Each structure stands twice: as structure tokens, then as C-alpha cells.
1. Any idea what Rg and Dmax come out to for region 18-247 if you just take the C-alpha atoms, in Å?
2. Cα centroids of region 11-43 and region 229-285: how far apart, whole angstrom?
3. Could you state the per residue volume, in Å³, of the convex hull enclosing the Cα atoms of region 110-194?
4. Calculate what fraction, in whole %, of the accessible area of region 18-247 sits on carbon and sulfur atoms when a 1.4 Å probe is rolled over the protein chains.
5. For region 2-131, what size does the Cα cloud have along each of its three principal axes, sorted from largest down, in whole Å?
6. How many percent of DSSP beta bridges within the chain run antiparallel, rounded to 5?
7. Hey, in the GNM for the chain with a 10 angstrom Cα cutoff, which one of E242, E47, E31 fluctuates hardest?
8. Gap in Å between the Cα centre of region 132-160 and the Cα centre of region 45-121?
Amino acid sequence: MHYIDTKAGINCLDLYGQHQQIKKEVFEAFEKVYDNTAFSGGYFVEEFEKSFAQFCHTQYAVGLNNGTSALHLAMLVLGIGPGDEVIVPANTFIATAWGVSYSGAKPVFVDCTSDTWQIDPTKIESKINSRTKAIIGVHLYGQPFDIESVTAICKKYNLFLVEDAAQAQGAIFKDKPVGSFGEVGCFSFYPGKNLGACGEAGGIVTNDEGYYKHLLRLRNHGAHIRYHHDELGFNMRMGGLEGASLQIKLKYLQGWNNRRREIARRYQHEIVNEQIRWQKQPLWAQSVYHLFVITTNDKEELISYLNRHHIYPGLHYPVPCHLQKAYKHLGYQLGDCPNAEFLAGHCLSLPMYAELSDSEVSYIIDMINRY
Ligand SMILES: Cc1ncc(COP(=O)(O)O)c(C=O)c1O
């Protein structure tokens, strides 16, 4: 049975189909940005900010140049800096920790659970001390972390909750969208994200007017009035082309997320190979399946088998944050976060994007079941 063009193969992610689908609409919007010379910030960014705040059920959204800046500015508006510590999951993309380090504070890594692969709330309290100021929870692979348990710890120790929702635009915890639970919710709109700009972009959502106004200043050279700089600021504005493309793509996001859910459901129900495990989905989590990560005994062997059959999985992530060379000075050892370390050694990501055809999904499932 011919499921696919086996010469081309199936990649972990392919952005071509999505952008062909909306090309005309996006190009028309680009023309408007061009004709208005609204290239940095301005009307098209502001329109997207209004729509995205509404989408996240928050009062405010601030468009930025990328998601790493969002995490950095989140620390600054919360007043976090040198001498402070921030709890961060060991199993995440490194940028979650970068924001903490850029602020001068120290990331303190906590292991994930062995089944949801999200930050383990039972391992947080032993890492809290008088220097701890915040916990960053990550909605990893598109699935909400245990917000209720982490919020309870934040309340008990008077800590800020920051959500890293870079991978989870549209994910729901119980009945509310992620990003709306913490003091601030940080997003990446990197092109490969569920909601990705045609370019680099990111943003922060919040219900706090003070944080909102401060973020507007920080992203724009610390200026309240043009050329009057109240504090050390940054150039972290979102571009107009990015804002315009995001405004269009936001209309499609729910449909694209639903298609990802359909594909994930097929993987979960039709993969019957006992060697394969995937992220446990708690009842309160409505994931948007940014990634579909699996583990197996010998990942190298499975990857080369899949490659031979023209399937090209991804790796998210091969080294946990606490063992990255960049954080060697923090003194973590192998064995400090065993679940994150196990994942790093055994995980791979199956192809996951809304434009995968049913026959491609069938082919991937079939190949894994024959492995
Ligand atoms: C969990 C997580 N946090 C932060 C980021 C950083 O976002 P960006 O690449 O837009 O800087 C990403 C995306 O790359 C991410 O996956």
C-alpha cells in the first residue's frame, strides 16, 4: 500500500502546507503593513495583542521579538535579579532557564514526573529557601502542567508563578486557557510553534496593569515618552509583519490544534508496540500536542529504523537543562534529576503537525507497530 511519496519522507515538522493554505491572505496583510510602513510595533501588532489577550482570557498582551525575551522580561517586571533563585523544570527547552540567568538570578532545576514528564510538584518544596522568588512551570509539548499543585506551593511560600506557554497556545487546564493562571504567561511565536509568526516573535499576557505598562516600557528602550529613558531598557519590539501574520493565523489555530489532537488520538489508540511509551494525559489537561514525544529502549535503533522507512523524528530534548555545559558552574551531577535524564536518553518526537494526511499517520503507526 502506498501511503506517501517515500522519496520525500515525513519530517517531524513541515511548515510548507500550512503556509500554502494561508499564503494569499498573509500576503494581502503584508501589503497593508508595507503600504503603511508599519514595520516595527504599531497598528498590526496592537491588533494582534488585543486578539491574543482575548484568546487567553487576560486583560493585556504585549508583543515581543521572541519567547526568550518574554521569559527575560517576566523576571524583570517581577523584580527578580541577582541573589534570587527561581525554580525551573530540568525537562524543558533551555530558554526557560535563560530568562532567569539573564536577570542575574539563579535557576534551580527540579525533576519531572516519570509519567506526565512535567515538573514534579512533590519535588519542589525541598528546593525552596529564603532566596526563592518564583516558579516557572512549563506547559511542555503542549500539555498543561499541574497548575493547581504548583499554585498551592506558590501561595504557601509567597512565590510568583510564571507560565512558560511557548509550546501551548490554546491548551486548556480544566476550563481556562494556559497563560492566564500565573502573574505572567510567556509565549513564543517562533515559526514552528502551534501559533507561529512568519518570522521571530513572542509575547506576554497578564491581568496586571502595572506589569503591562512596565513591559511596554522595557521592550522599547525603557522609554515612557520617546527619548526619555526611565530605566535600562531593551529593543524587544514585535515587527509589523510578524503581528499581521499572527493575527491571521490566530483565526485558524483552534482548527489546527483540533487536527493535532486527532492525530495524537490515533497515535495513542493505534500504536500497539509494547516498547513505546508516551506522555500521560491527566484528565484536567487538554493538550494542543505541540510535540508527540515517545520513549523506547533503544532510541538510536528506532530512529535509524524509521529513517530507513523515510520517517524523520525529532529529539526534544537530548540533554536536560541541569546537565548542559552552560550550567556546569551550578554543580549538578548525573543522577540529580533521574526522570529528566531518562527522558533525554530515550525520547524521540513523532511527526506532528496539522497538515499530516491520514495516510501519512497510518503509515507512521504501521511502521512503528512493525518495529
Ligand atoms: C518551552 C520553551 N520556552 C521558551 C522558548 C523560547 O522561545 P523563542 O525561541 O521564541 O525565543 C521555547 C521555544 O523555542 C520553548 O519551547
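1. According to the Cα coordinates of region 18-247, Rg and Dmax are 17.5, 56 Å.
2. Rounded to whole Å, the Cα centres lie 18 Å apart.
3. On the way: hull volume 8.1 nm³, N = 85.
It comes to 96 Å³ per residue, whole-number rounded.
4. Percent of accessible area from carbon and sulfur atoms in region 18-247: 51.
5. Taking max minus min along each principal axis of the Cα atoms, region 2-131 gives 54, 49, 26 Å.
6. Details: 27 of 45 bridges.
Roughly 60 percent of the DSSP beta bridges within the chain come out antiparallel.
7. Greatest mean-square fluctuation among the candidates belongs to E31.
8. First find each Cα centre; the distance between them is then 11 Å.
The values are calculated or read from the model by the stated rules, or taken from the named source; none is laboratory data. Everything quoted here is computed from the prediction, not taken from an experiment. Note: ideal-geometry Cβ built from the backbone for every residue, glycine included; neighbour counts use all protein chains shown. Ligands, DNA and RNA are stripped out before the accessible areas are found, and what is left, the full protein with its side chains, is counted by its heavy atoms. Shrake-Rupley method; radii C 1.70, N 1.55, O 1.52, S 1.80 Å.
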